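One structure below.
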Amino acid sequence: MSPVRPGPDAGPTVPQVGVGLCLSGGGFRAMLFHVGVLARLNLAGRLRTLNRISSVSGGSITAGMLGLRWNELKFAGDVATNFDELVTEPLRAFAHLKVDLPAMATGALLPFVTISDRVVAKLNKHLYKNATLQDLPGTPEFVINATNLESGVLMRFSKAYVADYTVGRVLHPDVPLADAVAASSAFPPLLSPFELDLSDANWTTENGNVYTGRGYRSDILLSDGGVYDNLGIETVWKRYETVFISDAGGHLGADPEPGRDWARGTLRVLHILDSQVRSLRRSAVVSAFKNPNDPHKGFFISTITDLSGWPKPAKRPYMTVDPAVTHGLATISTRLTGMPDDQQERLINWGFAAADAGLLAFIDKDLPAVPLPYPNRPLG
């Protein structure tokens, strides 16, 4: 089984030399776990080597912030010395806010105000300040993924284009960054769909574009990118030989009372579907990494990774991690709602420790040890 689904991505048929990073969804839990991953890549001098960052849902909130501030990062050698100031601190402040339920309440009660409008307003006010996709850097390339409910495949947002391989593409789009992130984070059924108006855009048509009518190129209904690709792999895997995958999806445990009403029952079904697809993609990726005939290398880390089963590094041990602690972090709800400091700091620490293990085990056996970002929030 291939880690990506059938369907062309605008890229080479054989992976090229380069590094891609995939950031999964998972609400504020994912947003902060990925902050820790990025922080470790930065201290390892690997952040600057990334060619493309592909994200969905909660991962897109983090990617959007990194992309917006990328050109302000001050690198001393290969390490950005102001990463925390420009990326970590704004996202941590945002994680104290209540976003999803107030947006739902306002969207349901007020005429002419949608749930998506309220989410976009919060993103603009606290993170993106009315930036557009043109404020992202050219390198690395940031690709924010949503699911096109009309065509049934990905809608990709980047500085270079907005594209759906079955519909066409809009070059150099001036789409607000908050719109792209909100569409990518429109978790069904509560925050979905997001309506994107591209009726005035200049669409280009290419081979393979089969849905080119106005109905597919005007008011487009989008949903969470994780509906189609819950790990953000689709736009990276066929393009680059080195792929780092950060999966902050939640842990689906057994539940003797999953709910008999339609609302809780629907959410449980969605979580089961997501967990199954995520598991299949994870297995395919890990098998590819282990296959000596596959050109890919990299790592797959997740909030439910158990480092005790990983190969023991020769030069130094992994950071001290207790699976009971980290699995508890994985059960934090997939929400965009206020999170206390202790949870925030442990999630960032866990992403940091997991990325440290991934680099040490599969990329750089001589990787120097560094302390956790928040030593007073141990994972052991």
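The values are calculated or read from the model by the stated rules, or taken from the named source; none is laboratory data. For clarity, every value in this text was computed on a predicted model and none was experimentally measured. Ideal geometry is used to build each Cβ from the backbone, glycine not excepted, and the neighbour counts take in all protein chains shown. Keep in mind that these areas ignore ligands, DNA and RNA; they rest on the heavy atoms of the full protein, side chains included. Shrake-Rupley method; radii C 1.70, N 1.55, O 1.52, S 1.80 Å.
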Original post:
So THR337 clears everything in (1) in contact with a helix residue (DSSP H, G or I) (Cβ under 9 Å, 6 or more places away or on another chain); (2) assigned to a loop (DSSP other than H, G, I, E, B); (3) closer than 30 Å to LYS238 by Cα except one condition, right? Which one?
Top reply: (3)
Original post:
Pairs under 6 Å by beta carbon, first residue touching a residue at least 24 places away in the same chain (Cβ under 8 Å) in the stretch 217-229, partner aromatic (Phe, Trp, Tyr), six or more apart or different chains?
Top reply: ARG217/TRP203; LEU222/PHE194; ASP224/PHE187
Original post:
Which of (1) closer than 25 Å to THR242 by Cβ; (2) assigned to a helix (DSSP H, G or I); (3) among the β-branched types (Val, Ile, Thr) is the odd one out, the single condition VAL325 does not satisfy?
Top reply: (1)
Original post:
If you go through the stretch 48-62 one residue at a time, how many are free of Cβ contacts under 8 Å to residues at least 60 places away in the same chain and either part of a loop (DSSP other than H, G, I, E, B) or open to solvent by less than 10 Å² (accessible area, probe 1.4 Å) (or both)?
Top reply: 1
Original post:
Given the conditions (1) open to solvent by 60 Å² or more (accessible area, probe 1.4 Å); (2) at pLDDT 95 or above, and given that ALA80 satisfies all but one, which numbered condition is not satisfied?
Top reply: (1)
**OP:** Give the stretch 350-380 a look and list any residue that's part of a helix (DSSP H, G or I) and in contact with a Ser or Thr (Cβ under 6 Å, 6 or more places away or on another chain), or say none.
**Re:** TRP350, ALA354
**OP:** Filter the stretch 19-47 down to residues that are out of contact with any helix residue (DSSP H, G or I) (no Cβ under 8 Å at 6 or more places or on another chain) and open to solvent by 10 Å² or more (accessible area, probe 1.4 Å), then give me how many there are.
**Re:** 2
Subject >> Per-region count, the stretch 340-366, residues open to solvent by 10 Å² or more (accessible area, probe 1.4 Å) and not acidic (Asp, Glu) >> reply: 7
**OP:** Just name the residue that is surrounded by the fewest Cβ atoms within 10 Å (Cβ to Cβ) out of those in the stretch 295-339 that are basic (Lys, Arg) and under 24 Å from the mean Cα position of the chain (by Cα).
**Re:** LYS297
